[in-house]
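Just below is one structure, and these are the notes that go with it.
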Amino acid sequence: MTANLLDFDLDGLAAFCERLGEKRFRATQLFRWIHQKGASDFDEMTDLAKSLRAKLKTAAELRGLKVLSEQASSDGTVKWLFDVGGGNAVESVFIPEDDRGTLCVSSQAGCAVGCRFCSTGHQGFSRNLTTGEILAQLWFAEHHLRERLRLAPGERAITNVVMMGMGEPLQNYAALVPALRVMLDDHGYGLSRRRVTVSTSGVVPMMDRLREDCPVALAVSLHAPTDALRSELVPLNRKYPLAELIDACNRYLEAAPRDFITFEYCMLDGVNDGPEHARALVDLVRGRVQCKFNLIPFNPFPASGLKRSPRERVQAFAEVLIQAGIVTTVRKTRGDDIDAACGQLAGEVQDRTNVHKRLTRQPIRIQPISGESRQETR
């Protein structure tokens, strides 16, 4: 089977070229053609020797992903559904803003973590994406948008990448890291470490590995101030509880490109959005980890059995954190009219995990905080 050149970072491509009897500088030229210029036909690569182009035609290919659908939101957000074979499809989202263009990239077909508030998790899990399938989302979006937006030569459409699409990136570590290296490489997309963000639900050992191998910006899906509640919302917490997670965040900061960890917090009506939860969050992080909070309005879907917190309660929650000196923002919902907002990406997944039996509408057992009476929410 021919090699898919999207599967290689620059070192991997150099090793591939060496196997073809070529020197490393040829790999750099090829890498630039693929990622900087978006070339998919070896005949376009005019500064490569004809002999090398002939070798590439028999030994390699540039295998992107088939676009099954494209949807555009009224706010300019664009969502693509990509076919990854075997009955599976993943989604990517482009979010344009005045000062940047952000691409939200998927790392798995489905997700095995099973967070209660995430539509992807309710789809179940099929498989990890390859490095080439992760990068193909960026490769397509960058060069498609350059042409569509009629950008000047050298002008980027995508300035930021967030690994916040379908899947838990750190559970697909072997494919993730080479993809990150291509995003950062000056011969590739040339993104700074501050502009590439990996979002994790808290896979502690892989957070430590990422700190050593490729430290980019880190966002942690927190969503609760106590182990009891977080274990209900984010099942991974049962394996890596809050104390271990906070310690891992502090270790990560030793190498991180930013001097804070972003904690994502999905606001769920009557579940985690009371003033007592906000005060408990302050107690959890103040003096223990340098961080900022990003409060996310929940995007409801029927299988969750959950509701979005009222805007006034979100603002009151934010005010408690701000008064405690914690930088806090409320995420602006983008693309919700095309199901492209946070937690809404679902794609099409051939589930191997029987997720519907495990998740659908099970009650969340809310543990009281500060002596409050126990309640249950459906």
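Bear in mind that the values in this text are calculations on the coordinates, not laboratory data. As the structure is a prediction and not an experimental result, all values here were calculated from the model. With ideal geometry, Cβ positions are generated from the backbone for all residues, glycine too; neighbour counts draw on all protein chains shown.
For segment 3-61, what is the Kirkwood hydrodynamic radius in Å, using each pair of distinct C-alpha atoms?
One decimal place: 11.1 Å for the Kirkwood radius.
One quarter of the convex hull surface built on the alpha carbon atoms of segment 118-229 amounts to 8.5 nm², the projected area averaged over directions. If you model segment 107-172 as an ellipsoid using its alpha carbon gyration tensor, with each semi-axis the square root of five times an eigenvalue, the axes come out at 29, 12, 9 Å, biggest first. Computed from the C-beta positions of LYS50 and ALA174, the FRET efficiency with R₀ = 35 Å rounds to 0.50. Annotation: amide H of SER199 within the under-5 Å range of MET163, ALA219, sequence separation 5 or more or interchain, hydrogens built in the peptide plane.
Over all alpha-carbon pairs in the chain, figure out the percentage whose distance exceeds 33 Å. Of the Cα pairs, 31 percent sit more than 33 Å apart. Note on THR2 and ASP247: their simple-model spin labels are 5.1 nm apart, each label 7 Å out from Cα toward Cβ. Calculated mean residue ellipticity, 222 nm, the chain: -10000 deg cm²/dmol, from DSSP H runs (n ≥ 4) at -39500 (n - 2.57) each, averaged per residue and rounded to 500.
Each of TRP33, LEU10, ALA49 was scored by the projection of its Cα onto the charge dipole of segment 3-61, and the greatest displacement toward the positive side belongs to ALA49; charges sit on the C-beta of Lys, Arg, Asp and Glu.
Cβ crowding within 10 Å, taken as a proxy for footprinting-reagent exposure, orders SER92, SER40 from fewest neighbours to most as SER40, SER92.
Taking label points 7 Å from Cα along the Cα-to-Cβ direction, GLU319 and ASP99 give a separation of 2.7 nm. Among THR131, THR2, the order by Cβ neighbours within 10 angstrom, fewest to most, reads THR2, THR131.
Beta carbons within 10 angstrom, averaged per residue: use that to sort the peptides 144-156, 55-67, highest first.
Per-residue Cβ counts within 10 Å, averaged per peptide and sorted highest first, yield 55-67, 144-156.
When only alpha carbons of segment 1-102 are considered, Rg and Dmax amount to 16.8, 51 Å. Sorting 320-331, 188-199 by their mean Cβ neighbour count within 10 Å, with the most densely packed peptide first, gives 188-199, 320-331.
Mark the label point 7 Å from the Cα of SER69 along Cα→Cβ and return the residues of segment 154-190 whose backbone N is within less than 20 Å of it. Under cut-off, by backbone N: 165-167.
If packing is taken as the mean number of other Cβ atoms within 10 Å per residue, what is the order of 251-260, 230-239, highest first?
230-239, 251-260
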